[in-house]
Amino acid sequence: MKCKLVSIANAKSITVSTFDIAKNKTRASKLAVPAGSVYFVESEREIKSDGFITFTDEMEEYGFGRSLIGGWDYE
C-alpha cells in the first residue's frame, strides 16, 4: 500500500554491531531506527493491522524491524 510520509519523531539512528563466533571477528556495523520512534503517514485507505507487523527481516533475530500500526483522525 502506498503511503505519504508526513512526519518523524525519533532520536538519531543507533549503531548495531554483532560478533561472528565461527569466524572470530566482528561483523559490519549497521544503522537502525531507535526503539520508540514514531512515523506519521497518510494513506488513502485505512491500514488494518491486528498487532505487530514486520517491515524487514534484516536483524529480526535481534528484535529489529517489528512495528505497530495505529490510527488517528487529525481533521
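Structure notes:
- Loop exposure criterion: chymotrypsin sites (Phe, Trp or Tyr not before Pro), DSSP state outside H, G, I, E and B, at most 14 other Cβ atoms within 10 Å. Applied to the chain, the longest stretch between such sites is 1-54.
- Based on Cα atoms of the chain, Rg over Rh with Rh as the Kirkwood radius reads 1.07.
- R0 of 25 Å, Cβ-Cβ distance K25-T56: FRET efficiency to nearest 0.05: 0.55
- The chain: most fluctuating residue of S49, S13, S37 per GNM, C-alpha cutoff 10 Å: S49
We did not get these values from a lab; they are worked out from the coordinates using the rules stated. The shown structure was predicted, so the numbers you read here are calculated from the model rather than taken from an experiment. Reconstructed Cβ throughout: ideal geometry from the backbone, glycine too, with neighbour counts over all protein chains shown.
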